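The values are calculated or read from the model by the stated rules, or taken from the named source; none is laboratory data. From a predicted model like this one, the values you see are computed outputs, not experimental measurements. Note: ideal-geometry Cβ built from the backbone for every residue, glycine included; neighbour counts use all protein chains shown. Ligands, DNA and RNA are excluded from the accessible area calculation, which covers all protein heavy atoms including side chains. Shrake-Rupley method; radii C 1.70, N 1.55, O 1.52, S 1.80 Å.
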Amino acid sequence: MIRARTFTDARQQSHSNAELNWWIFMRISGLILVFLVLGHIYMTFIQVSESDATYTAVVAKLQNPAWKFYDWTILALTMLHGVNGARYSIEDYVRSRPNRAWVKTIFYTVCAVIFTLGTVGLFSI
Amino acid sequence: MAEQHIPLDTHTTPPMRVNVKILRFNPETDKKPHWETYPVEAQASDRVLDVLNYVKWYVEPTLTFRRSCGHGICGSDAMMIAGRNRLACKVLLRDVVKDGGTLTVEPIRGLKVEKDLLVDMDPFFDSYRAIMPYFINESPPPAGERLQSPELAERMAHSSNCILCACCTTSCPIFWVNGAYLGPAAIVQAHRFIFDSRDEATHQRLNIMNQNTGVWRCRTAYNCTEACPRDIPITTIIEEVKRAVMYQQA
Amino acid sequence: MHHRFDVLVVGAGGAGLMAALYAAKGGASVACITKLYPTRSHTGAAQGGIGAALGNVQEDHWEWHMFDTIKGGDYLTDQDAAEVFAKDIIDAVYELEHMGLPFSRTPEGKIAQRKFGGHTRDFGKAAVERSCYAQDRTGHMILQTLYQQNVKEGTNFYNEFHVTDLIIEEGRCRGLVAHHYATGEIHTFHAKAVVLAAGGYGRIFKITSNALTLTGDLMSIYYRKGLPLEDMEFYQFHPTGLAKLGILVTEGIRGEGGILRNADGERFMERYAPTIKDLAPRDIVSRSIITEIREGRGVGADKDAVHIDLTHLPREVIEGKLAEITDLARTYLGQDPVKDLVAIQPTAHYAMGGIPTDINGLCLTDGAGGSVEGLYAAGEQACVSLHGANRLGTNSLGDLIVFGRRAGTAAAQYARQVEYADMPADPERESVATLEALRSASGKENAAVIRRELQESMMNNVGIFRNGPDMARQVEIIRDLQDRYRHVSVSDPSRRYNSELIEAMELGFMLDCAEAMTASALNRTESRGAHDREDYHERDDANWLKHTMAYKNLNKPGDVLIGYKDVALRGYTHAFEPKARVY
Amino acid sequence: MYRGREGQWAWLLHRLSGLAILAYFLLHVVSISLIMFGEEAYMTVHHWYDLWPFRVGLILVTAGVVYHAFNGLRIMVMDFTGRGVAYQRQMWYGVMVLTLLATAYTAWVNIPRIVGGY
C-alpha cells in the first residue's frame, strides 16, 4: 500500500526520487516527441497518403540509418512516455494492491514484447 | 403550534420557489443513497445553509449535515451544491438556482458517506497529519519574536488561509478514485510550512511531498482551485511545491 | 465505553487547545473532547487581533493595557486578573509567534500592530497601536497554530463528542459523560482534572455573530448542579455585524480608519465619543448605533442599520489587511467596501460572564472563595473576571491564550499531586435519562420553533437597551418555553448521527443560559458597560460595584437565586479607582 | 457528474487521448514490425488501412496526438513557470483551437483520398 498515514510511513516511502525523475522524464520526452511525432505523422500520413506506405517505400526509407534512428527514438520515447502515462492511470484507478500488481505485470510484459518486436523489425532491414 | 410555513427571510423582495433535491442516506435503514426533493420558499439572498436549516427545522428533522459558524470560516458544511463543491454557508441561492428551479445538494465525494450529507472526515485529517502539520524550529527562540520580513510573511499568506474544509481534496478526480493521494489540502498545509522562512523542517516535508502519494499525483485538473471557498490558488501552490522538490533534489 | 486521562479538556477552541497543550507540556495524559472537529471552533472567526503592549509600532506599556481593560470593563473588572493578563499576554504573544503563527509584519520584521477600540496610550490620552494581527484572520491563525501544536504534542482528540454531564461529587470533579455523535453511545471519561473551555452561548439571540453550535452547553451543565454563573447580565453586542446576518465585521476595520455614518452621511460617533470617535469601546458604539436607528437615521429597507465607510482607504489596505471582511461583504451583501458603503448593525457577540473562576481557572462555587476541586474553566465559558461589564476588542483572544494556559498548567499540576477519585457507580445514569426522555417524548412541540421564539424574545427584551417590564415579561416567556420544551418531540429514532436529538438537547442548555441572563439582568438596577437599562440610566457604584452570581433554584423550576461576589479593586502592584467612563 | 471547469476537461482529454494514442501506437508498432516477415505479411495487414474506418480513425488519432502534444506543452508551461497557471484556461482554448485547425487540415487533405479510394 502506498498510503502514508503518519510521518514515519511517509518517510519510509520517500527514500527514492523515482516519481520526481519520471515526472521530469515525461516533460522532456514529451517535448521531444512533440516534434518527432508530429513530423512523423506529417510525413507519412498528411504529406503523402497512408496507402503510400507500401512495403517497398518503408523498406527504402529505412535503409537510411538517420530514419532508422529517428523511428527508433520515437519508438523508445513513446514507449516509455506512454507506458509511464498508463502506469499513472493504473495507479489512479486500480486501488487494490494485488490487482494493481498483476495488471501492471501483464501490461509491462505486453509492452516489452511489442517494444522488442518493433526494435527487431526496425533493425532487421 | 407555530405556523407551518415560516419564510426564511421576509424583508425585501418576494420570495422565490425552489426545489431542493438532496441525496439522502440513512445507514440504519438504507442500502443505497436516494434523492428526495423538498419544495422551499426562500429569498434569493438566502444562503444554501439557510435553506437546508429550514428543511431540517420545519420539514424533515432527520436531515443530517454538519454546520457551525455559518459564514465560511469553520469549514464544516462542505458539500456538492449544483454539481460543485462549496460551503453551503458561502453560496447564495441566487447564484446557483433560478426561481422555480431545482437545486441539487450531495455529499462531497471520495470520503465515505455516513449519513445524508455527512461524510467520514478521518481519512482527510489523516492526510493532514502525514505532512507534519506543525511549526518546527528547535533552536532556542529569542526573547521577542523571530524576525520575518513582510515579503517573506506574504509567501504563506495564501496557504495559511486554509480552513481544512475538504472542498478541494474531494473535488480532485484523482482523490475520488484513489484515497492514497494526500490531496490538495494536505499539500497546501505543507506549503504553509515549506515556505515559512522560520521553519527548519523544509527538507523532511519536501521528502513527504516527493513520494508516490504526494505532489506527483497532482494532474493539474484545477478542480481544487475552483472549489476553494477561501480563494486559495491551490494549483499554483502545488506547482510551487513541485518545483521546490525538484530544485531541492537537483 | 470508558476512558481515563489525567486531564480532560472540553472544547477545542483557543482556550481549550491552549489548556490541552499546557496540560500535555506539564506531563499529563490529555484528552480534548470537542463537539466539532478541532479547527471548526469559533475562535477561527475572530478577525482583528490580539492586544499586547509590545510597543512594536508605538510606545506602549502593560500598565496602559491594564488600565484600558479595567476602564473598558466599566470598573467591574477584577484588577488582579487584569494585571496578570496585561503582563502575561506580552509573553504569550511571543510564544504564539514561536509556535509559528504567521503574524503580519512591520517593515523591520516585527509583529505588526494596529489600533483597536478602547486601547489607548497614557491612560486614555489617544488611541494606540496594540493589536497584534495576522491580516484580518488572527483567530483563524491562532486556532490552526494551536491545533498544529497539539498534533505535535500528541493530544488525544475525541471529535464530535457532546458532553452531557459533569461528574462532581464531594466537591471534586471526577470526570464527565459524553454522547458520541457517530454512534449514539454514551462514553464516560474518568479524570483527575477537567478544564471547561467550550465557549459562549450567543445563539440565544436572533442576530448573532456566534456559530450555530454556541449554545452554552457546559455553562448550563454547571448551572444545573446548583453552581453559580457570574455576571450573566453582561453580554456584548458587537457594533458591526453585517446587516441582517450578524456576521462579524472586525473592529480592525475601524482601527484601519473605517468611519461609521448614518443615513445623513454624518460621522455620528463624533457626538458620542469626541476623543476617540469610532474607536470607542463596543458597548458605547453599539448603543450609539441603536440610538441613531431609533431616531430615524438608519439606512436600509427597514432603516435598521448604519453604514461603515471605507471608501477613503487605499484599495491595498482594504483587500490586504481587511481581505476577510471584504470577501464577506462581497459574498453576502454584494457590496464592495472599496467603493460601496457597507450596511452593518449590532450583533450579539460575546459573553463577559460565565463560570466563575479564580486567577488560575479554578471553578468557584460561591462568592466567598469556595471551589470545585479539579475543575477549571477558561475562555468565553469562564468569568475570571477580566472583562468586567464590557470586553475590549482583542482581549478575547488574549483571554484564551493567557487563561487557557494558566488553566492547563494548573490542571496538570493538580493532576500530578492527586490520585484518581472514584467515579460513582453509574455516572452515565442522568445523561442516559435526559437523552432517553428526549427520544421518547410524546409531545408535539418543535424544538426549532421554541428556539426561534427564544431568540427573538431575547433580542427584543434583553438586548442592547433593557428595562424592567420587558425583562420581567421575558422571565415569564422563558418559563413558558421551558414548559413547552418538556414536550419537544424528536422524530429521528436513529442512533448514529442523530442531529435532531443533539439540537433538542442544546435547546435545553440555551434555555438555562437565557434564564440566568435574564434574572441577573433584571436584578441589576443600574447601567454599567454592556448592561444598559433605560429605567436605571446611571452607573451606581455605591450599590452595584459587585459581581452577580446566579444560582438555579433546584427546588423551584424557573426560579433563580442571586448572590454576589466582591470586585477585586486592586491588582498586585497597581490599582485604578473607579471613575466616570468617558472617551 | 462533477461540474468541473476547463482544467478538469483538459485533464480528462489529455488522459483519454494519451491512452488512445498508446493503444494505437502499440498496434502500429506491431503492424510495421511485420515488415521483417516479408512483403506479403506486411501488405496484407497494411491493406486494411485502406478501409475507410481506418482512414477516419487515423484522422482522429492525429487529432488526439495534436491535442496531447499541445496540451502537454501547456502543462509544461504551467509546471515550469509561475505565470502559466494563471493563464491555463486561455492556453487550453489555444490548444483546442490548434487541435481543431490541425484536425480540419488533416481531414481536408485526407477526405478526398478516402472518397477517391486511394
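Structure values in brief
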| read-out | value |
| --- | --- |
| Every residue from the range A:30-43 that is at the interface with chain D (Cβ under 7 Å from one of its Cβ atoms), surrounded by 16 or more Cβ atoms within 10 Å (Cβ to Cβ) and at pLDDT 90 or above | A:G30, A:V34, A:V37, A:L38 |
| Counted residues, the range B:121-142 - those being in contact (Cβ under 8 Å) with a residue 60 or more places away in the chain, buried (at least 16 other Cβ atoms within 10 Å of the Cβ) and facing chain C (nearest Cβ under 9 Å) | 5 |
| Some residue of the range C:184-204 being free of Cβ contacts under 8 Å to residues at least 60 places away in the same chain and either open to solvent by 10 Å² or more (accessible area, probe 1.4 Å) or in the same structural domain as C:M505 (by TED's automatic domain parsing) (or both) | no |
| 3 or more residues open to solvent by 30 Å² or more (accessible area, probe 1.4 Å) and more than 8 Å from every other protein chain (Cβ to nearest Cβ): qualifying helices (runs of 4 or more DSSP H) within the range D:1-109 | D:6-33, D:39-48, D:52-80 |
| Qualifying positions in the range B:143-169 - open to solvent by 60 Å² or more (accessible area, probe 1.4 Å) and without any contact (Cβ under 8 Å) to a residue 40 or more places away in the chain | B:A143, B:L147, B:E151, B:E154 |
| Residue count for the range B:165-195, restricted to those that are at the interface with chain A (Cβ under 9 Å from one of its Cβ atoms) and either of a type in the set (S, T, N, Q) or in contact with a His (Cβ under 8 Å, 6 or more places away or on another chain) (or both) | 1 |
| Filtered residues of the range B:223-248 (kept if open to solvent by 10 Å² or more (accessible area, probe 1.4 Å) and either assigned to a loop (DSSP other than H, G, I, E, B) or among the acidic types (D, E) (or both)) | B:E226, B:C228, B:P229, B:R230, B:D231, B:P233, B:E240 |
| Qualifying position, being surrounded by 20 or more Cβ atoms within 10 Å (Cβ to Cβ) and within 11 Å of another protein chain (Cβ to nearest Cβ), among C:T120, C:T164, C:T145, C:T138 | C:T145 |
| Selected residue (criterion: farthest from the other protein chains (Cβ to nearest Cβ)) from residues of the range C:264-304 that are open to solvent by 10 Å² or more (accessible area, probe 1.4 Å) and polar (S, T, N, Q) | C:T275 |
| Any helices (runs of 4 or more DSSP H) falling wholly within the range C:175-278 and containing at least 3 residues that are of a type outside the set (V, I, T) and farther than 30 Å from C:Y564 by Cβ | C:252-255, C:269-272 |
| Criterion: open to solvent by less than 10 Å² (accessible area, probe 1.4 Å) and either among the β-branched types (V, I, T) or touching a Leu at 6+ places or on another chain (Cβ under 6 Å) (or both) - qualifying residue of C:C383, C:C363 | C:C363 |
| Number of positions in the range C:440-478 that are open to solvent by 40 Å² or more (accessible area, probe 1.4 Å), basic (K, R) and within 13 Å of another protein chain (Cβ to nearest Cβ) | 2 |
| Helices (runs of 4 or more DSSP H) wholly inside the range B:83-200 that include at least 1 residues being more than 20 Å from the chain's Cα centre (by Cα) | B:150-154, B:184-194 |
| Residue selected from the range C:25-61 under the condition touching a Cys at 6+ places or on another chain (Cβ under 9 Å) and in a strand (DSSP E or B), by the criterion nearest to the other protein chains (Cβ to nearest Cβ) | C:I50 |
| Count - residues of the range C:102-117 that are open to solvent by 40 Å² or more (accessible area, probe 1.4 Å), part of a loop (DSSP other than H, G, I, E, B) and in contact with a strand residue (DSSP E or B) (Cβ under 8 Å, 6 or more places away or on another chain) | 0 |
| Candidate set: the range C:305-331, residues that are assigned to a loop (DSSP other than H, G, I, E, B) and at pLDDT 90 or above; chosen: the one surrounded by the most Cβ atoms within 10 Å (Cβ to Cβ) | C:L310 |
| Residue check for C:H547: modelled with pLDDT of 95 or more and either assigned to a loop (DSSP other than H, G, I, E, B) or closer than 17 Å to C:M352 by Cα (or both) | yes |
| Counted residues, the range C:388-417 - those being closer than 30 Å to C:D283 by Cα and open to solvent by less than 10 Å² (accessible area, probe 1.4 Å) | 16 |
| Criterion (within 14 Å of chain C (Cβ to nearest Cβ), of a type outside the set (V, I, T) and open to solvent by 40 Å² or more (accessible area, probe 1.4 Å)) met by exactly one of B:D95, B:D77, B:D116, B:D46 | B:D95 |
| Any hit, the range C:418-438, residues being open to solvent by 20 Å² or more (accessible area, probe 1.4 Å), free of Cβ contacts under 8 Å to residues at least 60 places away in the same chain and within 14 Å of chain B (Cβ to nearest Cβ) | no |
| Odd one out for C:E97 among (1) over 22 Å from C:V317 (Cβ atoms); (2) open to solvent by less than 10 Å² (accessible area, probe 1.4 Å); (3) more than 9 Å from chain B (Cβ to nearest Cβ) | (3) |
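Per-residue answers, yes or no, for (1) facing another protein chain (nearest Cβ under 9 Å); (2) within 17 Å of D:Y24 (Cα to Cα); (3) aliphatic (A, V, I, L, M):
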| position | (1), (2), (3) |
| --- | --- |
| A:F45 | yes, yes, no |
| A:S49 | yes, no, no |
| A:A76 | no, yes, yes |
| A:M79 | yes, yes, yes |
| A:G82 | yes, yes, no |
